[in-house]
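The values are calculated or read from the model by the stated rules, or taken from the named source; none is laboratory data. All values derive from a computational prediction rather than experimental measurement. All Cβ positions, glycine included, derive from the backbone under ideal geometry; neighbour counts span all protein chains shown.
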2 protein chains.
Amino acid sequence: MNDQNIYDDEQFFEGYRKLRNNPLSANEIVEKPALFSLCPDFNGKTVLDLGCGFGENCQEFARLGAKQVVGLDISKKMIEVASNENLYSNVNYLNMSMSDLSSFEGKFDVVISSLAVHYIKDFDKLLFEIHNLLEDDGLFIFSQEHPLTTALLSNNYWSRDANGNITHYNLSGYSLEGERRINWLVDNVIKYHRTFSSIINILVNQRFIIEKVLEPIPDQNIMSKESSYLKYNHKPDFLFIRLRKGSL
Amino acid sequence: MNDQNIYDDEQFFEGYRKLRNNPLSANEIVEKPALFSLCPDFNGKTVLDLGCGFGENCQEFARLGAKQVVGLDISKKMIEVASNENLYSNVNYLNMSMSDLSSFEGKFDVVISSLAVHYIKDFDKLLFEIHNLLEDDGLFIFSQEHPLTTALLSNNYWSRDANGNITHYNLSGYSLEGERRINWLVDNVIKYHRTFSSIINILVNQRFIIEKVLEPIPDQNIMSKESSYLKYNHKPDFLFIRLRKGSL
């Protein structure tokens, strides 16, 4: 079963690169700080980054003391950029999909995945394979698009009043799990919607111990200065979960 | 700290009684089956029901073999009805708030709470006290109004198209936790909104092990016959969690 490799689409790749270069993007202001707040002390740790993209996080894990970092990404273009721009001693990049880790060898203290698992159809299989790749007591830390975002059946996200201020989020399809094809930089980007309860139950069934869940938004200080961020009072963009490998 | 006792309001009580007598209510079609699907074999078990209301569930736990059942409710009127209509051997009702269980004596195999904890301001304290009341390896099973319901900042729940069909749920205030005053049967019913992540983190911090989470909706067969239920495709009404007492 192959998940979509949209990041190797020329138009998508260029759009994405531009987006990620914006220092005020939700990625920079919300996603990265939340991800690193869940991370352990990296000193001497082995780390696997699933969907490593341009490799900025891999480089940072190494800088923070990780003994060995492996970054995987389905996109050849991404891995090319990572290898050129974010190489660091003890960091290796592999062009490989995370949807079949069964053939992947190795054991890691920490597995991390930033904003990638919502592209994976078989979440249960992914979790089973991550569990196998973790050392005893190892950590799996991931972020994904929030289920309230993956849910939508249309691209009509927000409702506004007569002055153009956002009044609420147009939530549709939350209880209808499965594939979504959306327009994001290009048409037909494929994602998979799972409810909060499905996500938690899959983690529990795969014997992970839930340590912490986050649904971060920009802090009220930033939001008060930038009214376009007030929408986050209605809906967060990201879901984060930190898990520990439990034994049988 | 006292939580609101709205169920002893005359107008609320009569409205609520009528609502619960409807055999096609979401309580009957969705909430009860989901709650019982999470329950263990009651044979020989001791059970505490927090916010037992009219006591139908207490009676059912006893009928299913529970050795002893205690039902607590903050509402004197509710406990009067329970004592008159749903008494059963080994079932006892107490008119008492669940917001201070620290003085309550006893140990139980199972603690259950149906649609009540969203009225409790200090969820952390409640969970601490429930943990103390459970036998080793005991279960806490609860349902509550779904966080997508408790979130709302207005009574404007649904958007409709020109034909009156629901197009989406008007989600507001999900990230803004705290008190909500709503109109439900009467004005100023006080509830507390907590996000999904807050709920999970409080449970984890109080050393509960999460076994299962449910966000049930009516089955597609029922929904296809009754178009007013199609709204549940956009948003579930209830959240259920089954927890096991973990050790220190």
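Return yes or no: is A:Ser228 farther than 24 Å from B:His168 by Cβ and either in a strand (DSSP E or B) or away from chain B (no Cβ under 11 Å) (or both)?
Against the criterion (farther than 24 Å from B:His168 by Cβ and either in a strand (DSSP E or B) or away from chain B (no Cβ under 11 Å) (or both)), A:Ser228 does not qualify.
Looking at A:Ile217 and the list (1) at the interface with chain B (Cβ under 7 Å from one of its Cβ atoms); (2) outside any loop (DSSP other than H, G, I, E, B); (3) buried (at least 21 other Cβ atoms within 10 Å of the Cβ); (4) in contact (Cβ under 8 Å) with a residue 60 or more places away in the chain, which single condition is not satisfied?
For A:Ile217, the exception is condition (2).
Report whether or not A:Phe196 is touching a Gly at 6+ places or on another chain (Cβ under 7 Å) and modelled with pLDDT of 95 or more. Break it down stepwise before answering.
Numbers: touching a Gly at 6+ places or on another chain (Cβ under 7 Å): no; modelled with pLDDT of 95 or more: yes.
Taking the combined requirement at face value, the residue does not satisfy it.
Does segment B:230-240 contain at least one residue that is over 18 Å from the mean Cα position of the chain (by Cα), surrounded by fewer than 17 Cβ atoms within 10 Å (Cβ to Cβ) and under 26 Å from B:Gln11 (Cβ atoms)?
No, there is no match, as no residue in segment B:230-240 is over 18 Å from the mean Cα position of the chain (by Cα), surrounded by fewer than 17 Cβ atoms within 10 Å (Cβ to Cβ) and under 26 Å from B:Gln11 (Cβ atoms).
Could you please let me know if A:Leu94 is under 25 Å from A:Arg242 (Cα atoms), touching a residue at least 24 places away in the same chain (Cβ under 8 Å) and either touching a Pro at 6+ places or on another chain (Cβ under 7 Å) or surrounded by fewer than 20 Cβ atoms within 10 Å (Cβ to Cβ) (or both)? I'd like the intermediate steps shown before the answer.
Details: under 25 Å from A:Arg242 (Cα atoms): yes; touching a residue at least 24 places away in the same chain (Cβ under 8 Å): yes; either touching a Pro at 6+ places or on another chain (Cβ under 7 Å) or surrounded by fewer than 20 Cβ atoms within 10 Å (Cβ to Cβ) (or both): yes.
Taking the combined requirement at face value, the residue satisfies it.
Go through segment A:131-190 and give me each residue that's assigned to a strand (DSSP E or B), among the polar types (S, T, N, Q) and out of contact with any His (no Cβ under 8 Å at 6 or more places or on another chain).
Of everything in segment A:131-190, those that are assigned to a strand (DSSP E or B), among the polar types (S, T, N, Q) and out of contact with any His (no Cβ under 8 Å at 6 or more places or on another chain) turn out to be A:Ser143, A:Thr167, A:Asn183, A:Asn188.
Would you list the helices (runs of 4 or more DSSP H) that sit entirely within segment A:1-85 and hold 3 or more residues that are of a type in the set (D, E, K, R) and over 26 Å from A:Gly138 (Cβ atoms)? Let's see the steps before the verdict.
Details: elements: A:10-20, A:32-37, A:56-63, A:76-85.
Counting at least 3 such residues, we get A:10-20, A:76-85.
From the list A:Ser198, A:Ser224, A:Ser154, exactly one residue is in contact (Cβ under 8 Å) with a residue 12 or more places away in the chain and touching a helix residue (DSSP H, G or I) at 6+ places or on another chain (Cβ under 9 Å). Which is it?
Going through A:Ser198, A:Ser224, A:Ser154 in turn, the sole match is A:Ser198.
From the list A:Tyr157, A:Tyr174, pick out the single residue that is buried (at least 19 other Cβ atoms within 10 Å of the Cβ) and more than 18 Å from the chain's Cα centre (by Cα).
From the options A:Tyr157, A:Tyr174, the qualifying one is A:Tyr174.
For segment B:161-171, state whether one or more residues are surrounded by 20 or more Cβ atoms within 10 Å (Cβ to Cβ), within 14 Å of chain A (Cβ to nearest Cβ) and of a type in the set (A, V, I, L, M, F, W, C).
Yes, segment B:161-171 contains a residue that is surrounded by 20 or more Cβ atoms within 10 Å (Cβ to Cβ), within 14 Å of chain A (Cβ to nearest Cβ) and of a type in the set (A, V, I, L, M, F, W, C).
Just for segment B:194-214: of the residues that are under 18 Å from the mean Cα position of the chain (by Cα) and of a type in the set (D, E, K, R), which one is surrounded by the most Cβ atoms within 10 Å (Cβ to Cβ)?
Filtering segment B:194-214 for residues that are under 18 Å from the mean Cα position of the chain (by Cα) and of a type in the set (D, E, K, R), the one surrounded by the most Cβ atoms within 10 Å (Cβ to Cβ) comes out as B:Arg194.
Looking only at segment B:115-124, decide whether some residue is in a strand (DSSP E or B), modelled with pLDDT of 95 or more and surrounded by 15 or more Cβ atoms within 10 Å (Cβ to Cβ).
No, every residue in segment B:115-124 fails to be in a strand (DSSP E or B), modelled with pLDDT of 95 or more and surrounded by 15 or more Cβ atoms within 10 Å (Cβ to Cβ).
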